[in-house]
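Engineer: Sharing a structure below in structure tokens format, with a few things to ask.
All of the numbers you see were taken from the coordinates with simple rules; none came from a lab. Just so it is clear, the structure is predicted and the values come from calculations on it, not from any experiment. Cβ coordinates were reconstructed from backbone atoms using ideal geometry, including for glycine residues, and neighbour counts include every protein chain displayed.
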Amino acid sequence: MKIYDTNSIIEEYSLANKYSEEYKKAKWGSQDGMINRFKLVINLVNFEKISNWLDIGCGTGCLFNLALEKHPKIKALGIDICPEMIQYANKKKLKPSIKFKLEDFSTSSYKYNFDLITSIGVLQKTNLKPKAFFQTISTSLKPEGKFFITTKNLYWDKFTSGEFVPENLHNWFIPEEIIKLVKNSGLNILEIKGFLPKENLIVDINQSHTFYIYGEKTL
């Protein structure tokens with residue numbers, strides 16, 4: 001597994017900022033794929049019980065746009081290491097309770113601050129090892145706080161059958177290994193499934209190149 005250099009990640013997303021389409025700025029494959037990932041979060045999380053939310057790798061801030069229309073009282077912080085992303089998100093001038101900050105999660109020290117932490121498509125290209133990534137999430141969550149992440153599945157059945165080969169643009173993970181790291185970090189898995197972003201379908205975990213984990217911090 002490759003640990004990506006911080007500067008190389010920043011450079012990649014800075015170059016993507018030239019695109020006019022928001023999904024291309026954030027390097028998603030399609031508009032539908034981006035929006036459907038965000039809608040999945042909105043459908044799974046009970047936002048009525050959330051007061052303080054952190055989004056790691058917030059990109060253009062589109063997730064907050066969608067989720068907080070109906071929940072304006074939630075305090076939300078989006079962090080990203082790419083200056084252009086934060087500049088773009090801040091130009092949206094969302095509600096005062098929503099903040100975007102240029103920050104590296106690997107050096108954050110948010111101890112027991114959040115009811116919810118999300119990280120959509122970040123784990124596969126980050127400057128943190130998965131073990132440290134989940135330990136930092138655990139440290140930053142309040143007891144019984146919820147988390148939601150998506151990442152890439154090395155055991156997609158089209159890989160294991162030999163039909164396709166994983167691209168090397170980011171890391172791919174064995175779900176069972178990620179599950180072990182999650183549990184060893186003091187986090188409990190509530191739901192783990194595969195997700196087809198373009199089709200907006202939840203499937204068995206190995207029927208998609210993308211999988212998600214929804215869980216909570218144990219007491």
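Engineer: As a quick test, which of the pairs Lys93/Lys146; Lys18/Lys193; Lys125/Lys193; Lys27/Lys101; Lys75/Lys111; Lys75/Lys142 have an alpha carbon distance above 22 angstrom in this structure? Please list the in-between numbers first.
Structural biologist: On the way: Lys93/Lys146 27 Å; Lys18/Lys193 34 Å; Lys125/Lys193 20 Å; Lys27/Lys101 19 Å; Lys75/Lys111 16 Å; Lys75/Lys142 15 Å.
Check vs 22 Å cut-off fails for Lys93/Lys146; Lys18/Lys193.
Engineer: Remind me, what semi-axes does the stretch 97-216 give for its equivalent ellipsoid, largest first in whole Å, using sqrt of 5 times each Cα gyration tensor eigenvalue?
Structural biologist: Result for the stretch 97-216: semi-axes of 26, 15, 14 Å.
Engineer: Picking from Phe211, Tyr88, Ile178, whose Cα lies most toward the positive end of the charge dipole for the chain (charges on Cβ: Lys, Arg +1; Asp, Glu -1)?
Structural biologist: Towards the positive end, the residue furthest out is Tyr88.
Engineer: Can you give the Kirkwood hydrodynamic radius of the chain from its Cα pairs, in Å with one decimal?
Structural biologist: 17.5 Å
Engineer: Taking H as built 1.01 Å from N, whose amide H comes closer than 5 Å to the amide H of Phe173, not counting residues under 5 places away?
Structural biologist: It is Lys152, Asn153, Leu154, by chain and number.
Engineer: Tell me the net charge near Lys131. Cut-off is 13 Å between Cβ atoms, Lys131 excluded, with +1 for each Lys or Arg and -1 for each Asp or Glu. List each step's numbers first, then the result.
Structural biologist: Values: positive: Lys129, Lys180, Lys183; negative: Glu177.
For residues surrounding Lys131, the net value is +2.
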